[in-house]
Amino acid sequence: MIESGGDASSLLREHVLAAIAGKIPVNIIGSGSKTFYGRPAQGEPLEVAQHHGVISYEPTELVITARCGTRLADIEAVLADRGQMLAFEPPYFGPDATLGGVVATGLSGPRRPYAGAVRDVVLGVKMLNGHGEILKFGGEVMKNVAGFDVSRLMAGALGTLGVILDISMKVSPRPEAETTLIFFMTPDAALAQMNRWAGQNLPLSAACFDGEAVRIRLSGAQTAIASVRQKLGGDALPDDEAGSFWADVREQRLGFFQDETPLWRLSLSSAAAQPDLPGAWFIDWGGALRWLKTGQPAETVFQTAHALGGHACRFRSPMGGEFQPLSVGLEKLHRNIKQAFDPHGIFNAGRLYKGW
Amino acid sequence: MYVLTMLQLLEPTPMNHSEHPAEHIAHSADKAAFLRQISQFLESGNMLSEPEAMRPYECDGMAAYQVLPWLVVLPETIEQAQGVLQLCHQYGVPVVARGAGTGLSGGALPVANGVLLSLAKFTRILKIDPGNRSACVQPGVPNLAVSEAAAPFGLYYAPDPSSQIACTIGGNVAENSGGVHCLKYGLTVHNLLALKILTIDGELISLGGAGLDSAGYDLPAVLTGSEGLLGVIVEVTLKLLPLPETVSTLLAVFAGIEQAGEAVTAIIGAGLLPAGLEMMDNLAIRAAEAFVHAGYPVEAAALVLCEMDGMAVQVAADLARAQAILLANGATEVRQAQSEAGRKKFWAGRKAAFPAVGRLSPDYYCMDGTIPRKRLAEVLRGIAALSEEFGLAVANVFHAGDGNLHPLILYDANQPGELARAEEFGGKILQLCVASGGTITGEHGVGMEKINQMCVQFSGAELRQFHALKAAFDPRGLLNPGKAIPSLPRCAEFGALHVHHGHAPHPGLDRF
C-alpha cells in the first residue's frame, strides 16, 4: 500500500550546492498551489515534487513520514484507509498541493483551535540547509526534547530556512461521528456564544460565523453528539452539506471569498471585539481567525491588528501578500536565524519579508 | 588539551558533568566590582555570594551533580533582570537561569564562574482571561497554581508534570515539560500562546501573540525546550481548557509485559485517545504498593492505567471500548475506579513510583528515553540484559501511550564507583533508545546529564546547526554554557560520533 515514490534528496542537494557555489537564489516550488501566499520569492525555481512518497506509516504509533513532494491528497487517502487523519485539516488551494507546502506555509483549517496547528503535529524533519547539508531534527516519536525544536521552526517559515525533505507528523483517529449545527445571530452575539461554548465540555471541532449564522461542528461518539444536540438545540445540517461546507471554508470556496477585494487574515484573541475596520468579515476558529475584505491601506490593518495584540497578513490580493511588520528586536532575531540556516541567502529570498 | 584527554582516558567512566574545556566561558570580571554594580539596582538580600548562602543553588533535581556558582541573584522585576543580564553581557559572565530547580537533567546546574539567575521571585499570576481561556503568568508561578487560579472559571492548564506542585511555568517552558496527560493534551509547546523573553543583552522581546499564531518564525516553539540557552523567560501566556466533566480510570492487570504493550497499541489502534495511558513493571508495582498501598496486584508482570476524560457520555463510550480491548489483549483483570477516591488511589501508586522505588535503594537514577511503542518489548529485554551486565536493578515506569520510558536504576552512591556505573548503564539505555528509532530524552531535557548522548543522536553538521541557531540569540554563548548542545570537541572525545552515510561528520577534528 505504501508506494516507495522517489527519493530525490541527492539531486536536490546537488542543486542547492550549485546554487550556493553560483550564488544563485532559489525559489522552492512543490505544486505551486500556495504561491499566492506571502511575498513573491526571488530566484530560480527549485522543483521538489519529484521528491515524493510515503516513507513509513504506523497507524498504531500515530505517525506518518513522507517526502515533501508527496501529494496531500495521497497522504489523506492513505490515512483515511486506516480511519485516521491530519487533525489540523490542511487547506489544499490546489489539487496537487504537497506536504512540503503545507508545512512551509503553516496553514491550518477549521479544526485548528480544537486539534492544533501544523506546527503542533510536526514531529521531525529532514532538511537541506544553506550549506547544502542534509540534517535530521526531531524524530518519529511523540515526545522528544533533544536539541532545539528545529522541526517546528520549519512550519510556516515559507522555505526561507532551507528545503524540507522529509516530514514526520502525528496523525489522529477520525471521529466516530460528526454533526454541524447552525444558529442565526448577530456578530456580537456570535463571538460571545462561540467563546462560551469553547469554555464548556463540548466536543467542538469547528466554529465559524459568516455574518448571519454560527455553524459549529461536533465530533465524537454518536451518543455524545446526540446528547450535545439535545442540550444546544439549533438545526443540524444534512451530512453531505456539512462536509462540503467545512471543505469550502477551508478552501475559501464560499461566496465570501469570491471577490477581487484584497483579503486579509487577522489572527486575534478569540473573544476580541470586532476590529473597527470597514469591510466584510468572515469569522473562523471560534473567533481567533478573522477574514476581512477591505480596501483599507495595509498600515491601517497592521496597526489595528497590532493594537489588539494580534497580527494581520494580506492573504490574497492583486498587490501580493504582505505580513505584519516585526518589532525591531524580532526583526533582528529573524535575520540572525535566517543567517544561521542560510548564510548565503539562497532560499526563498523576500518571500516572508523584504530584504531577506 | 592532550594531557586532559589522557586523564580522561585513565578514568574509565568520566563523569558527565565535568565541564569540557571547549565549553568553558572564561572571564576576568572582578567579583567585588561586579557586586557593587549589581547593588545599584538589586537589594543586598537578593544577591548571594557567600558559599553557605549559595549552597541551596548548587544543584537542581539532578542532585548527583553539584557546582557552586560564582554569584546568585534573585531579581524581582523585569528591569532588575535586564540589569543583571546587561552586566553579564558587558563582562562576558555566563548566566544560568533557574526556576524551582526541580529539573531532572541538571539544566539549572550552576557554572562555577557564572551568575545563577533565579526567577523564584517572579510569582505573580498577572491575568486569568476566562473569555479567551488564557492565563498570563510570571515564570516563577508553580504549574499547579495556574490550574488552581483557573478553576473558579471552570478552566485548567493541561500539562501536569509529576512535580507540578513545585515546578514553575518558566522551567516548564524551558524544558517543554509533559506529564501523564500529554498523549491527549500535548506538551508545554502545545499549550503556550505567547512569551516575553530577555535576550542576553537585556532586550525585552515578545514572542507569539494574542491569537493562535504570530507573524514570522514560530519562535515560541523554538524557545520551548531550549533549556535556557536562547533567552530568559520573564512572562508566559498559557492556553486554558475547560475542566473535563468526567474523569474515569481503568486499571488492567497483565501476566506479561509484552501483552500489556500490545494492549496499549490496540487501544491507540482502535482510535481511542485516552487522557493518560501508563504502564508499570513488576518491580515498580511492588515498590509502589509497599509505599502507598494502592491495592496494586503485586504478582502482576505489568499493569496499565487507562484514563478517559471529557463529556460523561463520551467517557462512558470510550471506557467500554477500552475495557473490551484490554480484556481481548490478555488482561487478567480490569478494574474500574468506582469513585473519585478510588481513581486517585489508582494514580497514587503511579504518581509515587519514583519515591517508592527510592525506598528500595539508597539512590536511584531516573532515565527518560522515548521509543516507538512497537519496540517496547525489545527495549525492555535490552534493559534487562544491561541490568545483569552492570549488576544494578532497574524498575520501569512508562508513559505507554506516547512511548516515553522512565527506567529507574537503583544504586548506592556510597559504594565507590556505583554512581559512575549507574551513569554508564543509563547512557547505554539511551543509546538503545536511539538505536530503536527513539530519542535520548522525552521530557526531562538534555541539560548536563545527557550532553554526551547528544553526540550519539546528532551528527556534527546537526550540532553545528544547533550552535548556529544558539548564536542567533546569544552570539557569545553566555546563556547556560555547556548544557543541552555539546561542543564538537566534546563529541570527538566522547567517541560516539553519529556517522552519516559513512562520513565522519567533522573530519577536521583531532581524534583520540
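The values are calculated or read from the model by the stated rules, or taken from the named source; none is laboratory data. Quantities reported herein were computed from a predicted structural model and do not represent experimental measurements. Ideal geometry is used to build each Cβ from the backbone, glycine not excepted, and the neighbour counts take in all protein chains shown. Surface areas here come from the heavy atoms of the whole protein model, side chains and all, with no ligands, DNA or RNA. Shrake-Rupley method; radii C 1.70, N 1.55, O 1.52, S 1.80 Å.
Filter region A:297-323 down to the residues that are more than 21 Å from residue A:274 (Cα to Cα), surrounded by fewer than 19 Cβ atoms within 10 Å (Cβ to Cβ) and in contact with a strand residue (DSSP E or B) (Cβ under 7 Å, 6 or more places away or on another chain) and list them by number.
Scanning region A:297-323 gives a single hit, A:317.
Can you name every residue in region B:397-450 that is in contact with a helix residue (DSSP H, G or I) (Cβ under 6 Å, 6 or more places away or on another chain) and among the aromatic types (Phe, Trp, Tyr)?
Answer for region B:397-450, where residues must be in contact with a helix residue (DSSP H, G or I) (Cβ under 6 Å, 6 or more places away or on another chain) and among the aromatic types (Phe, Trp, Tyr): B:411, B:425.
Among the strands (runs of 3 or more DSSP E) lying completely within region A:106-189, list those that include at least 1 residues that are more than 22 Å from the chain's Cα centre (by Cα) and of a type in the set (Gly, Ala, Ser).
Filter on region A:106-189 gives A:177-184.
Among the listed residues B:342, B:330, B:349, B:310, which satisfies the condition of being away from chain A (no Cβ under 11 Å) and either in contact with a His (Cβ under 8 Å, 6 or more places away or on another chain) or surrounded by 21 or more Cβ atoms within 10 Å (Cβ to Cβ) (or both)?
Only one candidate passes the filter, namely B:349.
Which one is most open to solvent (accessible area, probe 1.4 Å) among residues in region A:324-338 that are at the interface with chain B (Cβ under 7 Å from one of its Cβ atoms) and touching a helix residue (DSSP H, G or I) at 6+ places or on another chain (Cβ under 9 Å)?
Here the residue is A:336.
Among the numbered criteria (1) surrounded by fewer than 24 Cβ atoms within 10 Å (Cβ to Cβ); (2) outside any strand (DSSP E or B); (3) more than 8 Å from chain B (Cβ to nearest Cβ); (4) in contact with a helix residue (DSSP H, G or I) (Cβ under 9 Å, 6 or more places away or on another chain), which one does residue A:201 miss?
(3)
Residues in region A:256-298 that are in contact (Cβ under 8 Å) with a residue 24 or more places away in the chain, part of a loop (DSSP other than H, G, I, E, B) and either closer than 27 Å to residue B:131 by Cα or out of contact with any Leu (no Cβ under 8 Å at 6 or more places or on another chain) (or both): how many? Give the derivation first.
If we filter region A:256-298 for residues that are in contact (Cβ under 8 Å) with a residue 24 or more places away in the chain, which is where we start, we get A:256-257, A:259-277, A:280-295, A:298.
Among the residues that remain, those that are also part of a loop (DSSP other than H, G, I, E, B) are: A:259-262, A:268-277, A:288, A:294-295.
With either closer than 27 Å to residue B:131 by Cα or out of contact with any Leu (no Cβ under 8 Å at 6 or more places or on another chain) (or both) added as a condition, the list becomes A:259-262, A:268-277, A:288, A:295.
Selection size over region A:256-298: 16.
Residue check: is residue A:256 more than 14 Å from chain B (Cβ to nearest Cβ), touching an Asp or Glu at 6+ places or on another chain (Cβ under 7 Å) and not charged (D, E, K, R)?
Judged against the criteria, residue A:256 is a match.
Which residue pairs have Cβ atoms under 7 Å apart, sit 6 or more places apart or on different chains, and have a first residue in region B:329-355 that is at pLDDT 95 or above and a second that is among the charged types (D, E, K, R) and open to solvent by 20 Å² or more (accessible area, probe 1.4 Å)?
The qualifying pairs are B:329/B:262.
Output the residue which, of all residues in region B:60-105 that are surrounded by 19 or more Cβ atoms within 10 Å (Cβ to Cβ) and polar (S, T, N, Q), is nearest to residue B:26 (Cα to Cα).
Within region B:60-105, the match that is nearest to residue B:26 (Cα to Cα) is B:82.
Can you name the number of the only condition in (1) touching a residue at least 12 places away in the same chain (Cβ under 8 Å); (2) within 10 Å of another protein chain (Cβ to nearest Cβ); (3) not in a loop (DSSP other than H, G, I, E, B) that residue A:227 fails?
(1)
Between a residue in region A:60-87 that is within 15 Å of residue A:174 (Cα to Cα) and any residue that is among the small types (Gly, Ala, Ser) and part of a helix (DSSP H, G or I), which pairs come within a Cβ distance under 6 Å, given they are 6 or more apart or on different chains?
What qualifies is A:60/B:269; A:87/A:115.
Here are some conditions: (1) at pLDDT 95 or above; (2) within 26 Å of the chain's Cα centre (by Cα); (3) crowded, with 21+ Cβ neighbours inside 10 Å. Residue B:318 meets all but one. Which one does it not meet?
Failed condition: (2).
Among (1) under 17 Å from residue B:461 (Cα atoms); (2) crowded, with 24+ Cβ neighbours inside 10 Å, where does residue A:141 come up short?
Unmet condition: (1).
Please enumerate the residues belonging to region B:437-467 that are open to solvent by 10 Å² or more (accessible area, probe 1.4 Å) and of a type in the set (Gly, Ala, Ser).
Within region B:437-467, B:437, B:438, B:461 qualify.
Determine whether residue A:116 is over 25 Å from residue B:463 (Cβ atoms) and in contact with a His (Cβ under 9 Å, 6 or more places away or on another chain). Can you show your working first?
On the way: over 25 Å from residue B:463 (Cβ atoms): yes; in contact with a His (Cβ under 9 Å, 6 or more places away or on another chain): yes.
Answer is yes for this residue.
Restricting to region B:361-415, count the residues that are polar (S, T, N, Q) and buried (at least 24 other Cβ atoms within 10 Å of the Cβ).
3
In region B:245-257, is there at least one residue being in a helix (DSSP H, G or I) and on the phi < 0 side of the Ramachandran plot?
So in region B:245-257, the residues in a helix (DSSP H, G or I) come out as B:257.
From what's left, on the phi < 0 side of the Ramachandran plot: B:257.
Yes; the residues of region B:245-257 include at least one that is in a helix (DSSP H, G or I) and on the phi < 0 side of the Ramachandran plot.
In this structure, is residue B:85 touching a strand residue (DSSP E or B) at 6+ places or on another chain (Cβ under 9 Å), part of a helix (DSSP H, G or I) and hydrophobic (A, V, I, L, M, F, W, C)?
yes
Is there a residue in region B:271-278 that is within 14 Å of chain A (Cβ to nearest Cβ), without any contact (Cβ under 8 Å) to a residue 60 or more places away in the chain and among the aliphatic types (A, V, I, L, M)?
Scanning region B:271-278, I find at least one residue that is within 14 Å of chain A (Cβ to nearest Cβ), without any contact (Cβ under 8 Å) to a residue 60 or more places away in the chain and among the aliphatic types (A, V, I, L, M), so the answer is yes.
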